[in-house]
Amino acid sequence: MIIAPSILSADYANFADGVKMINASGAGYVHIDIMDGVFVPPISFGQETVAALRPLSSLVFDVHLMTVNPGHHIESFAKAGADSITFHLEACPDAAEIKGIIDSIHSLDKKAGVSIKPLSPVSLLEPYLSLIDLVLIMTVEPGYGGQKLIPECLDKVRELVEIRKKLGLSFPIEIDGGVNLETAPLAKKAGVDILVTGSSFFNAPNKKTFVEAIS
């Protein structure tokens, strides 16, 4: 199990310390939520923040684009230090555009991921599963931290596990939203490979113990 703490829940006045906490915790990824105020209401931060944090960690920078026109941002986030770039299928309903974005990410030698919101079906993902390196299932409505995991979203994980097995694919399944000490075991049982955790991680008195507990 890979744990990916999200700096969206860190102290905005001191992201550097947030990344250092992630480094010391035993987590494998730094999850970086990019929000544009259009695809989701809040605005988070951009490429310059990612570039500033990149020298502070050797962990995988797991960039999650919650933006419209995600294809416009691939090259700049790759240059800023992203190792993996995930975008939302709901942001680009045209299949040719989606495939083009995946190709663009791969052309920059980065891993390509696709994500869907809680109300979107797994069938949206199926045409692209053989092309990508990661599936991110949102287990809360994207845009805000501190929400409770929607249990029904884990049914999508179970469905993807079966599809992956049937097709002989190896993409990891990541969930984002409401991951804590109570919900992590449910996610693991469903077949999740990567857990994004935000407020639960940063509110934990001992980050390393928390990571060990949910791994």
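Every number here is computed from the coordinates shown, using simple stated rules; none is lab data. Owing to the predicted nature of the structure, the values given are computational and were not obtained by experimental measurement. Please note: Cβ atoms are built from the backbone with ideal geometry, for glycine as well, and neighbour counts cover all protein chains shown.
Scanning segment 153-179 for residues that are under 17 Å from Ile132 (Cα atoms) and among the hydrophobic types (A, V, I, L, M, F, W, C) turns up Val157, Leu160, Val161, Ile163, Leu167, Leu169, Phe171, Ile173, Ile175.
Contact map, segment 167-191: first residue touching a residue at least 60 places away in the same chain (Cβ under 8 Å), second residue assigned to a loop (DSSP other than H, G, I, E, B), Cβ cut-off under 8 Å, separation 6 or more or different chains; pairs are Pro172/Asp133; Pro172/Asp193; Glu174/Val192; Glu174/Asp193; Asp176/Thr139; Asp176/Val140; Asp176/Pro142; Lys188/Met1.
Matching residues to (1) acidic (Asp, Glu); (2) in contact with a strand residue (DSSP E or B) (Cβ under 9 Å, 6 or more places away or on another chain); (3) under 19 Å from Leu134 (Cβ atoms):
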position	(1), (2), (3)
Ser44	no, yes, no
Pro55	no, no, no
Leu59	no, yes, yes
His64	no, yes, yes
Phe77	no, yes, yes
Ser84	no, yes, yes
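Number of residues in segment 32-78 that are in contact (Cβ under 8 Å) with a residue 40 or more places away in the chain, surrounded by 18 or more Cβ atoms within 10 Å (Cβ to Cβ) and part of a loop (DSSP other than H, G, I, E, B) equals 2. With respect to the conditions (1) among the aliphatic types (A, V, I, L, M); (2) under 19 Å from Asn14 (Cα atoms); (3) touching a helix residue (DSSP H, G or I) at 6+ places or on another chain (Cβ under 7 Å), Val68 falls short on a single one, namely (2).
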